[in-house]
Amino acid sequence: MVNYLHETRIEAPRKVVWEWHTRDGAFDRLAPPWETIETISAPPDLSPGGTRVMKMKMGPIKMKWIAEHTDMIEEELFADRMVRGPFKRWWHTHRFIKEKPGITVIRDEVSYVIPMGFLGRLFGGRYVRKNIENMFTSRSISLRRDIMRHQSFSETPRKRILVSGASGLIGSQLIPFLDTGGHEVIQLVRRKPLDENQRFWDPENGELDPSLFDGIDAVIHLGGVGIGDKRWSKKRKQAIVDSRQKSVTLLSETMASLEQKPEVFVVASAIGIYGDRGDEEIDENSAYGSGFLTDTAKIWESSADAARDAGIRTIHLRTGIVLSPKGGALGRMLFPFKMGAGGPIGSGKQWMSWISMDDHIAAVQHLMMTKDCEGMYNLTAPNPVRQKMFAKTLGRVLRRPAFAPLPGFVVRILFGELARPLLLEGQKVLPRRLLDSGFEFEHSNLEDAFRDCLGKWKPQ
């Protein structure tokens with residue numbers, strides 16, 4: 001049996017830290033961002049006997065992990081054991097220690113047995129130990145960061161929030177983040193609701209029950225057909241526009257018609273609204289560009305006019321490249337880079353305006369909770385980089401070569417019309433209004449952002 005101990009020191013009262021762990025979103029926020037873990041069923045609380053069932057991947061192998069809560073002492077500890085999973089045995093005790101007023105130490109005590117006896121320990125011992133260390137390092141970072149973000153609004157009342165696009169790349173992290181902050185989150189879904197936190201709507205056919213907004217303080221809309229998921233055809237381009245125009249218009253006009261309106265409407269948008277601008281520095285006051293992405297974003301934002309005209313504080317998130325190993329630009333780049341086949345795309349001189357996932361979801365909360373924030377905000381890090389530097393930095397973090405070029409004509413053959421605006425062109429976008437509003441970035445440096453989301457920290 002191997003014993004592992006990890007401690008995390010958090011500048012927050014023990015009650016605050018304990019309550020964070022009792023909320024539904026805690027498990028998702030603690031899961032390392034590079035791991036593919038899906039919760040199939042979860043217990044209602046941390047009481048003994050509750051069972052969580054998860055699907056996960058270890059390399060190419062898919063498996064289930066079933067964990068059962070075995071012990072709990074309010075604000076002091078909870079423990080769980082593996083009922084089924086990759087280990088022969090696994091016990092985990094989470095202790096909450098009050099170091100002094102306002103300072104809490106979480107002590108994670110893990111005991112585990114690797115399967116296959118001596119051979120398992122010989123060939124897998126170091127690998128398993130390294131993965132466990134990376135997992136708890138990631139948990140510490142996420143926990144400290146999230147609680148700090150939520151504590152910055154501790155004096156502001158929590159909100160009841162209606163969110164669409166919950167299953168997308170950003171929504172799947174934003175909802176757990178808001179939940180652990182004490183907000184009540186209700187999801188708008190386009191299928192039969194699976195639990196009490198979901199509500200049905202059908203924007204394609206204009207179906208949205210106005211009573212769903214009863215008691216709602218904020219609405220966050222992240223939905224829309226994926227822009228870079230498939231090659232653009234005439235039909236695909238129309239679906240991209242329609243999915244945004246119809247959904248935003250339906251939400252906007254429904255809220256405008258209400259007697260008791262939500263206080264704030266947060267709507268996704270994109271930096272594609274600025275078009276290809278070469279080396280020009282772009283902020284929220286810059287002129288629009290031209291092309292399909294610009295036209296789409298303009299329609300996207302203007303579809304919220306009814307809510308804005310009705311006096312609802314309306315915010316447009318002009319989002320850049322969100323860094324996540326689970327999807328988006330980085331998710332697609334990881335495999336070739338890990339194989340040593342990554343490198344510059346086209347000339348490599350085009351600007352890439354990026355933002356870490358943690359900064360993006362924290363910025364959404366910041367804008368929602370700050371009453372003076374309204375209008376358009378660029379959600380990009382303060383230091384955009386050229387595509388060649390993006391590739392070089394990713395290669396350095398992965399410890400792989402990054403000099404295999406992908407010529408522009410090959411990109412156009414592979415991806416068709418979307419290749420030029422999404423891959424071969426770019427914008428040097430700066431988040432001036434976000435910075436002016438008081439938001440502080442966790443990741444201003446691209447390499448730090450890569451290392452955090454990929455678990456590739458430098459040795460201390």
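Things worth noting here:
- In a fully extended conformation the segment linking Leu212 and Ala310 would gain 33.4 nm over its present Cα-Cα distance, using 0.36 nm per residue.
- Listed residues Phe409, Phe27, Phe415 arranged by accessible area, highest first, probe 1.4 Å: Phe409, Phe415, Phe27
- Estimated distance in nm for a label pair at Arg190 and Asp242, the labels positioned 7 Å out from Cα along Cα-to-Cβ: 1.1
- Summed over all non-identical Cα pairs, the Kirkwood treatment of segment 344-460 gives a radius of 15.8 Å.
- Segment 218-319 - accessible surface per residue (Å², probe 1.4 Å): 41
- Links that overshoot a 18 Å alpha carbon limit, given the list Lys349/Lys388; Lys98/Lys130; Lys64/Lys88: Lys98/Lys130
- The Kirkwood hydrodynamic radius of segment 1-106, based on inverse pair distances between different Cα atoms, is 14.9 Å.
- Taking 0.36 nm per residue of separation and subtracting the Cα-Cα distance, full extension of the segment from Lys371 to Ser47 would add 112.8 nm.
- Fraction of accessible area attributable to carbon and sulfur, segment 134-190 (%, probe 1.4 Å): 50
- Option label - Kirkwood radius over Cα pairs in Å computed here, alternatives [x] 26.6; [y] 22.9; [z] 23.6: [z]
- Cα centroid of segment 138-169 to Cα centroid of segment 356-425, whole Å: 23
- In Å², nearest 10: area of Lys88 left accessible to a 1.4 Å probe: 130
- Virtual spin-label span in nm between Asn205 and Arg158, 7 Å along Cα→Cβ: 3.6
- Three-way shape call for segment 244-335 based on the alpha-carbon gyration tensor, with the a/c threshold at 1.5: prolate
- Tail beyond 16 Å, pair distance distribution of segment 396-460 (Cα, percent): 68
- Intensity falloff of segment 233-293 expressed as log10 I(q)/I(0), Debye formula with alpha-carbon point scatterers, at q = 0.21 Å⁻¹: -0.95
- Taking the centroid of alpha carbons for each part, segment 13-58 and segment 79-105 are 12 Å apart.
- As a calculated quantity, the FRET efficiency between Asn197 and Leu119 at R0 = 51 Å, using C-beta atoms, amounts to about 0.65.
- Per-residue [θ]222 nm for the chain (sum of -39500 (n - 2.57) over DSSP H runs n ≥ 4, rounded to 500): -10500 deg cm²/dmol
- Ligands, DNA and RNA are left out, and with a 1.4 angstrom probe the accessible area of segment 320-422 is 43 Å² per residue.
- Each Lys or Arg adds one and each Asp or Glu subtracts one; over the other residues with Cβ under 9 Å from the Cβ of Glu68, this totals +1.
- Radius of gyration and maximum dimension Dmax of segment 125-262, Cα, Å: 18.7, 62
- Label-point gap, in nm, between Asn285 and Glu263 - each point 7 angstrom along Cα→Cβ: 2.9
- Computed from the Cβ-Cβ distance with R0 of 45 Å, the FRET efficiency linking Glu417 to Met389 stands at 0.95.
- Cα Rg over Rh - segment 59-181, Kirkwood: 1.03
- Residues Thr70, Thr393, sorted by accessible area with the largest first, give Thr70, Thr393 [1.4 Å probe; ligands and nucleic acids excluded].
The values are calculated or read from the model by the stated rules, or taken from the named source; none is laboratory data. Every value quoted in this text rests on a predicted model; they were computed, and no experiment measured them. In this analysis, Cβ positions are derived from the backbone assuming ideal geometry, glycine residues included, and neighbour counts consider all displayed protein chains. Just so you know, the surface numbers come from the protein's heavy atoms only, side chains and all, with ligands and any DNA or RNA stripped out. Shrake-Rupley method; radii C 1.70, N 1.55, O 1.52, S 1.80 Å.
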